[in-house]
Amino acid sequence: MSQLIRLLLEWGPLVVFFVANANGGIMVATAAFMVAAVVALPIYRKLDGKWPLMPLVTCGFVLVFGGLTLWLNDETFIKVKATIIYLLFALALAVGVALRRNLLAQVLVGVDLDQDGWRRLTVRWMAFFLVLAGANEVAWRFLTTDQWVAYKSFVVIPLFVLFSMAQVPLILKHQVPEAGGEAGDKGGGA
């Protein structure tokens, strides 16, 4: 599956959320987000041949916290979901480092780095997720709902893109050459 299709399937539900919020408010957006997240998974599976780990976990949280948001008519749950997901991803990466398992390689399909590169990249993503978790906590507590949605749209998404692009030099520096014979380094140390 191309990276563009992968990005559309992973970020598409969030775009649906933003558009639905602009047209119908947070409750409509939450319901639309839930539907879009569920619809994206089997498409991803059909195109990629396997269930995608991060979108699968995210979908589970969207359904739980979105369901609570709608059932209790309390938008706090959908806002807190982002913090919990960011913390969960940071924790999972930290556990991977502690156990010397490279979880990030399972997400970054097609990237093959040496052990030091994977460790450095993992630590950077852990720190990034922790910063996003803290920023989301501040944002949802001090911004109106529409401002929080705008923050998610116009700050968080561009930050993801910029942060990802900023990792390219590290990836290039630690990339394992194809002819090097170490293509199986993904499962080992972090």
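The values are calculated or read from the model by the stated rules, or taken from the named source; none is laboratory data. Given the structure is predicted, the values throughout are model-derived calculations rather than measurements. With ideal geometry, Cβ positions are generated from the backbone for all residues, glycine too; neighbour counts draw on all protein chains shown.
Being crowded, with 20+ Cβ neighbours inside 10 Å and touching a strand residue (DSSP E or B) at 6+ places or on another chain (Cβ under 8 Å) is true for just one of Leu104, Leu121. Which residue is that? Explain how you work it out, then say what you get.
On the way: Leu104 fails: touching a strand residue (DSSP E or B) at 6+ places or on another chain (Cβ under 8 Å).
Criteria check complete, one pass: Leu121.
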(request) For segment 125-158, enumerate the residues that are within 28 Å of Gln175 (Cβ to Cβ) and surrounded by fewer than 16 Cβ atoms within 10 Å (Cβ to Cβ). (result) Ala127, Val131, Ile157, Pro158
(request) Out of the residues in segment 42-75 that are of a type in the set (Phe, Trp, Tyr) and surrounded by 14 or more Cβ atoms within 10 Å (Cβ to Cβ), state the one that is farthest from Asp146 (Cα to Cα). (result) Tyr44
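Kindly indicate the residue of segment 132-172 that is charged (D, E, K, R) and modelled with pLDDT of 95 or more and also nearest to Thr122 (Cα to Cα) among those meeting that condition.
Here is the first cut: in segment 132-172, the ones charged (D, E, K, R) are 137, 141, 146, 152.
Add one more test, that the residue is modelled with pLDDT of 95 or more, and what stays is 137, 141.
Numbers: Glu137: 23, Arg141: 29 Å.
Looking at residues that are charged (D, E, K, R) and modelled with pLDDT of 95 or more, I get Glu137.
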(message) Of everything in segment 1-19, what is loosely packed, with under 14 Cβ neighbours inside 10 Å and among the small types (Gly, Ala, Ser)? Give them in sequence order.
(response) Ser2
(message) Could you list, ordered by first residue, the pairs with Cβ atoms under 9 Å in which the first is in segment 108-119 and farther than 21 Å from Pro52 by Cβ and the second is among the polar types (S, T, N, Q) and not in a helix (DSSP H, G or I), at least 6 apart or interchain?
(response) Asp114/Gln175; Gln115/Asn102; Gly117/Gln175; Arg119/Asn102
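Out of Val15, Val97, I need the residue that is more than 17 Å from Trp148 (Cβ to Cβ) and either touching a Ser or Thr at 6+ places or on another chain (Cβ under 6 Å) or of a type in the set (Val, Ile, Thr) (or both). Which one? Working first, answer last.
On the way: Val15 fails: more than 17 Å from Trp148 (Cβ to Cβ).
Criteria check complete, one pass: Val97.
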(request) Tell me, please, whether a residue that is surrounded by 15 or more Cβ atoms within 10 Å (Cβ to Cβ), assigned by TED's automatic domain parsing to the domain that holds Gln115 and closer than 18 Å to Asp146 by Cα can be found in segment 83-93. (result) yes
(message) Given the condition out of contact with any Leu (no Cβ under 9 Å at 6 or more places or on another chain) and of a type in the set (Lys, Arg), answer yes or no: does some residue in segment 5-20 qualify?
(response) no
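For segment 47-57, state whether one or more residues are closer than 22 Å to Asn21 by Cα, within 16 Å of the chain's Cα centre (by Cα) and outside the structural domain of His174 (by TED's automatic domain parsing). Give the derivation first.
Restricting attention to segment 47-57, the residues satisfying the condition of being closer than 22 Å to Asn21 by Cα are 55.
Pick out the ones that are also within 16 Å of the chain's Cα centre (by Cα) and you get 55.
Subsequent filtering for residues that are outside the structural domain of His174 (by TED's automatic domain parsing) retains 55.
For segment 47-57, residues closer than 22 Å to Asn21 by Cα, within 16 Å of the chain's Cα centre (by Cα) and outside the structural domain of His174 (by TED's automatic domain parsing): present.
Is it fair to say Ala32 is assigned to a helix (DSSP H, G or I), in contact with a helix residue (DSSP H, G or I) (Cβ under 6 Å, 6 or more places away or on another chain) and of a type in the set (Gly, Ala, Ser)?
Working: assigned to a helix (DSSP H, G or I): yes; in contact with a helix residue (DSSP H, G or I) (Cβ under 6 Å, 6 or more places away or on another chain): yes; of a type in the set (Gly, Ala, Ser): yes.
Judged against the criteria, Ala32 is a match.
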